[in-house]
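Single-structure report; data block below.
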Amino acid sequence: FSHASDLDALGQVAIVSGYEYEFAMGEWLARPENKHKVVMTRGANPAEVNARNLARGRLDGVIESAAVMHMLIQQLQLQDKIREAGCQQASPVYVGFSPRLPNAAQLVEQFDQGIAELRRSKRLARILSRYGQQDWKSD
């Protein structure tokens, strides 16, 4: 997979209902000729349902965050049944605190300091590895 059009060859492609799909992937999903191929999964654990259905051969593909899929593959032990076929441009993930909170600025500072300490102590890498993730900041 290197272009959204590569999905044209697939029969059933699952997504999570309520997610926002951007860039070329969003455009591919919005095309009327692809509507019959798209399986929208809802419920308590839609990404897990999609991963399991892909591993069982019920789907030809799943569009999911690489971070989420890496974690699911590891947790569900699907390393031999699912592989990453490609990735579109990554979107950043944010943590935010409401400005209505009187201590919002303090919470941001504590969060930043906590991540920095976890990184310095190498605990962040150990935590992330449990979920099949890597540090997002390369120093």
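The values are calculated or read from the model by the stated rules, or taken from the named source; none is laboratory data. All figures in this text were calculated on a predicted structure; none of them were measured in a lab. As a convention, Cβ positions derive from the backbone with ideal geometry for all residues, glycine included, and neighbour counts pool all protein chains shown. With ligands, DNA and RNA removed, areas are computed over all heavy atoms of the protein, side chains included. Shrake-Rupley method; radii C 1.70, N 1.55, O 1.52, S 1.80 Å.
Counting only lysines at least 8 places from K122 when in the same chain, those with an alpha carbon closer than 21 Å to its own are K137.
Please go through the range 36-119 and write out the trypsin sites (Lys or Arg not before Pro) that DSSP classes as loop and that have at most 14 other C-beta atoms within 10 Å.
Working: sites: K37, R42, R52, R56, R58, K81, R83, R100, R119; in loops: R42, R56, R58, K81, R83, R100.
Passing sites in the range 36-119 are R42, R56, R58, K81, R83, R100.
Taking GluC sites (Glu not before Pro) in DSSP loop conformation with at most 12 other Cβ atoms inside 10 Å as exposed sites, the chain has its longest uninterrupted site-free stretch at 23-83. Taking every DSSP helix (H) stretch of at least 4 residues in the chain, weighting each as -39,500 (n - 2.57) and dividing the sum by the residue count yields a mean residue ellipticity at 222 nm of -11000 deg cm²/dmol. For the range 3-45, the residue among L10, V39, F23 whose Cα projects farthest onto the positive side of the dipole built from Cβ charges is V39. What's the FRET efficiency of R119 with E84 using the Cβ-Cβ distance as r and R₀ = 22 Å, to the nearest 0.05? Calculated transfer efficiency: 0.30. Here the label points at Q12 and H36, each 7 Å from Cα along the C-beta direction, are separated by 1.5 nm in the simple model.
A straight Cα-to-Cα reach below 19 Å connects K37 with none of the lysines, residues fewer than 8 places away in its own chain not being considered.
For the range 89-135, chymotrypsin sites (Phe, Trp or Tyr not before Pro) meeting the loop criterion (DSSP other than H, G, I, E, B) and having at most 11 other Cβ atoms within 10 Å: Y94. Split the accessible area of the chain by element, probe 1.4 Å, and carbon with sulfur accounts for 51%. Stokes-Einstein diffusion of the chain at 37 °C, 0.692 mPa s viscosity, Kirkwood radius from Cα pairs, rounded to a whole number: 190 µm²/s. The gain in end-to-end length when the A24 to N45 segment is fully stretched comes to 5.0 nm, 0.36 nm per residue minus the alpha carbon separation.
Leaving out ligands and nucleic acids, and using a 1.4 Å probe, what accessible area per residue does the range 7-139 come to in Å²? Could the numbers behind the result be given before it?
On the way: 9430 Å² over 133 residues.
Dividing the accessible area of the range 7-139 by its residue count gives 71 Å².
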